Number of protein chains: 2
Amino acid sequence: MAKENRAHKNKIAQLIASKRAHKAHLSPQEIFDKIKSADKSGLAEGITLIESIKSEDILKSQELLKMALPLAGNSIRIGITGVPGVGKSTFIESFGTYLINQGKKVAVLAIDPSSEKSGGSILGDKTRMTSLSVNEKAFIRPSASAGSLGGVARKTRESIILCEAAGFDVILIETVGVGQSEIAVHSMTDFFLLLMLAGAGDELQGIKRGIMEMADSILITKTDGKNVKMANLARAEYKNALHLFPANENNWIPKVETISALEEKGIEKAWDIIQEFERQTKPSGWFDKKRNEQKRYWMNQSVQERLMQEFNNTVGIQDKINEISELLDKGEITSFQASESIINYYNSKK
Amino acid sequence: MAKENRAHKNKIAQLIASKRAHKAHLSPQEIFDKIKSADKSGLAEGITLIESIKSEDILKSQELLKMALPLAGNSIRIGITGVPGVGKSTFIESFGTYLINQGKKVAVLAIDPSSEKSGGSILGDKTRMTSLSVNEKAFIRPSASAGSLGGVARKTRESIILCEAAGFDVILIETVGVGQSEIAVHSMTDFFLLLMLAGAGDELQGIKRGIMEMADSILITKTDGKNVKMANLARAEYKNALHLFPANENNWIPKVETISALEEKGIEKAWDIIQEFERQTKPSGWFDKKRNEQKRYWMNQSVQERLMQEFNNTVGIQDKINEISELLDKGEITSFQASESIINYYNSKK
């Protein structure tokens, strides 16, 4: 029995290996042709190539992106965040299905740098998206394996390009409302949606400060059964609160709505809001301006990350930083004297 | 007449030059002795030394700071922000005078990197602080000359050390609520005070998004005459709004109060709030923890700034960035390909 099991496992391992080898043999041009003809397996292969850390794959992925870029850009990119338990997967299932019924093609990506390297702590559980995951016009990709936020962000941005080249016109990017990844998602999307539970106060503890001010819309989820009253109250409160916030530079006032995925109520409101946002920000040129700023932002971020990487990889630098930090904590030197010592060490090692 | 004027101007110029020469001859030890004996002119000279960009002065200022550091830290550092016209100078005049009557010694500094190099666009007009500026127990320093935010922040942080060494136990750091400088001030103070005008909505346009969430307290100014009703309404609204915000990690709930500098009402409430804040955050160790984090923050910021400086000073790098950015804007390359090209150029020039 144990032997049979082992034989079975070996067979599966061989299958996976041959499948991988097969994929590895596809040229960037072949993958691109598949993507261009809206082949979802080709899109999946392209993203796998982008996620690979092998140097030959990195070169190939750059070739692929070069071909895909002219076809990219024609989608609305929507960031979706909220604490675990708020109902993100359920919302995406309903919202995605609604959009497909409106004639759209929907791609769902996820950013979660905190997830283990096995990959996919969010969106991994496709069983919660039963209907969307089997829909011909939907493409769902679990979150990439863990790594630096910069690395994960890069892969996600490049995945967006491939999804757009494959003809997906709504890209949903999911993240968990607890960390730095919200800023990353906010900086690569056109519209930022925050899902919240009614019963303000305690439930908010999980959301990091600053995220509320990034939201273009707040949707209060689970507005069904005995929650309805509380959700409507919460809606009024958030509307008031957001009204007190400083205005966005695009003069968009964040909209607050209640929804129920369970009772399939309010999902269409989310899309109405996003369409209104497009109507308001596209003619003024603000929409495209923001995308250009985002491109510059990621270029600069990436340059900074590379410089810091080089710095952090310097032999002995961490020991030096620890040694200097101790003097700093004891109040024997100022922050700037500490920085001088560290930079001097770095320059002596270059 | 014109001749007399010129002669008069020359005389003044000579006086200033001789005064400067005199200052330059004071050793760090002599300046420190003056500061230690709470001599305000010594403190002013010390800050002038810190602000100097001459290399010999930089060495001297480091010597001075080394001596001053063991005497520093025993103050409450309060950041004060709000758009122009909200009444910051008037508030500082009243608040500072109130604190001095409570037995405190009050130093007032300012950060405004946007000000012209003549120096002191805020706090420059000491006539608005007539009573405080002549008070024996007050020290007012206009904002340092313009420069990079990092440079200005460094000078301000070092000035705080000297003020504390001179025995000032309340340090007020003023800034304008419109730029990046709020984040800098927030990151070097224990308590962050946001001044706002009543009549929410339009007036808020000047405040940058994100600043409200940094505030430990919001004071609604000019609560006098026909403004009283509106101010009280605004107070209730802000209280509600802040209640909806995610909690601070120190569990401090930002307090909202109304004040009138004109009628000298409510100034004491500001100090009550700050004392309550100290009572809540000092025993838990959070107060000191935050100061240590701030020290590390500024060390890291300064290291990053130095690395970026070196990068930006590379011959031809700006032309390269412009050339690459054009390809990026046209959609011919991705942000990360752009970054690669720039980093490759940089590495080839090192």
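For the range B:259-329, dividing the convex hull volume of the Cα atoms by the residue count gives 201 Å³ per residue. Farthest towards the positive end of the charge dipole of the range A:227-271, among the residues A:ILE253, A:ASN232, A:GLY266, is the Cα of A:ASN232, using unit charges on the Cβ of Lys, Arg, Asp and Glu.
Determine, for A:ILE53, A:ILE183, the number of other Cβ atoms within 10 Å of each Cβ, and report the residues in order from fewest to most.
Values: A:ILE53 9, A:ILE183 16.
Arranged by neighbour count, lowest to highest, A:ILE53, A:ILE183 become A:ILE53, A:ILE183.
If the Kirkwood radius is taken over C-alpha pairs of the range A:293-350, then at 20 °C and 1.002 mPa s the Stokes-Einstein diffusion coefficient equals 168 µm²/s. For A:MET308, the distances from its label point to the matching points in the remaining copies are 1.1 nm, ordered from shortest, with each point set 7 Å beyond Cα toward Cβ.
Summarising the rotation from chain A to chain B, the nearest chain A beta-carbon to the axis and its distance in Å are given as A:ALA241, 2.
Counted by neighbouring Cβ atoms within 10 Å, the residues B:THR130, A:THR314 run from fewest to most as B:THR130, A:THR314.
Among A:HIS243, B:HIS186, B:HIS25, sorting on how many other beta-carbon atoms sit within 10 Å of each Cβ, with the fewest leading, yields B:HIS25, A:HIS243, B:HIS186. Using a 7 Å projection from Cα along Cα-to-Cβ, the label point at A:ASN344 is separated from the same position in the remaining copies by 3.8 nm, smallest value first.
In nanometers and ordered shortest first, the copy-to-copy spacing of the A:GLU136 label point, defined 7 Å from Cα toward Cβ, is 9.0.
For the range A:284-336, the dipole from Cβ point charges (+1 on Lys and Arg, -1 on Asp and Glu) about the Cα centre works out to 600 debye, to the nearest 20. When +1 charges are put on Lys and Arg Cβ atoms and -1 charges on Asp and Glu Cβ atoms, the dipole computed for the range B:198-333 relative to its Cα centre reaches about 520 debye.
No lab work stands behind these numbers, since they all come straight from the coordinates. What you see is a predicted model, and the numbers here were worked out from it, not measured in a lab. No Cβ is skipped: glycine too gets one built from the backbone with ideal geometry, and neighbour counts run over all protein chains shown.
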